[in-house]
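Please read the structure below before turning to the comments.
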Amino acid sequence: MKKLALIIAILTSVCSAAQAQVRWEFNYFALEIGMHHNFAGAPDTLQNLVVKTDQGSIPVYPIKNVEYTPGYTIGLQFHHDFNNDKMGLVFGANFSSLAASARYSSADKAVELKETNRITSVCFPVLLKFGHQIYNNQGYFYVGGQFNLNIGLTTIQKLKGNTEKVKHKQDKDSYNAFSTPIFVGFNYKLFNMRFSIMPQSFLNKDYTVSIGQANNKQTITPNTAQPNTMFYISTSFVIPISQWTTNRSYLLSKIF
């Protein structure tokens, strides 16, 4: 939380300095702080997923259900609203963490595992927004796309009935170098909601690992059965760092 607070303070200071130099009416920065909400299902089939227990190594298989996994995003936007106040462009840069979870169980249902794959990315969204008086009302719909530069993947496993989580930082070959989600959404005042689809999984489906002893090794592709497409919802607060915000708050008007 301290790191997050520091990031917010730095971004706010940078935007305030920029606004102090130039007073724009329809061009402004905005701070975005929000969450991703991913509802993912288990793969149709999965082999070679083995859980180590006190009774030894036990193979587990997908459970057909939907798992909710939260993520987060924090970033900076630049808004350029056209003079008619009905359309505009938004360019952004943010740091994001997105995850997908699935559950697996042994054949006798005695062992149940929850596995989460969490990807962290530096993202660059571009939006086209439209509405009526989009600056004055801060109410608009938008469509857009995003380039995600993936920088790390962590796999988290937790057995049912066990409070401990096992985390594995995966190597770079286990995930794709970039992802390109597309989305639609709307903004009202400070609240923003977005519906996104990622056509290609952030997991590398061709990734291979070797298991077994030196004289009895076999090669597997652990991600090959994972879903290709990911759907998720994002909710956030988009706070214009401009006169629009300070005019609505006496406290902010004194700070900025």
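Mind checking which lysines have their Cα closer than 21 Å to the Cα of K114? Skip sequence neighbours fewer than 8 apart in that chain.
K114 reaches K52, K64, K158, K160, K165, K167, K169, K205.
For Cα pairs less than 8 Å apart in space and 6+ apart in sequence, what is the mean separation divided by the residue count of the stretch 50-168, i.e. the relative contact order in percent? Could the numbers behind the result be given before it?
On the way: 265 pairs, mean separation 26.6, N = 119.
Answer for the stretch 50-168 is 22 percent.
In terms of Cα to Cα distance under 18 Å, which lysines are near enough to K86, apart from those fewer than 8 places away along the same chain?
K129, K189
Listed highest first by mean packing, meaning other Cβ atoms within 10 Å per residue, what order do 93-105, 133-145, 168-180 come in? The partial results should precede the final answer.
Values: 93-105: 20.0, 133-145: 17.3, 168-180: 15.0.
Going from most to least packed, we get 93-105, 133-145, 168-180.
Averaged across orientations, what area in nm² does the convex hull of the alpha carbons in the stretch 59-122 project?
6.5 nm²
How many nm is it between the label spots at V66 and F141, if each spot is 7 Å from the Cα in line with the beta carbon?
2.3 nm
Under a point spin-label approximation (7 Å from Cα along Cα-to-Cβ), what is the K205-H80 distance to one decimal in nm?
3.7 nm
Bear in mind these aren't lab numbers, they're just calculated from the coordinates by the rules spelled out. It should be emphasised that the depicted structure is a prediction, and the values quoted were computed from it without experimental measurement. Please note: Cβ atoms are built from the backbone with ideal geometry, for glycine as well, and neighbour counts cover all protein chains shown.
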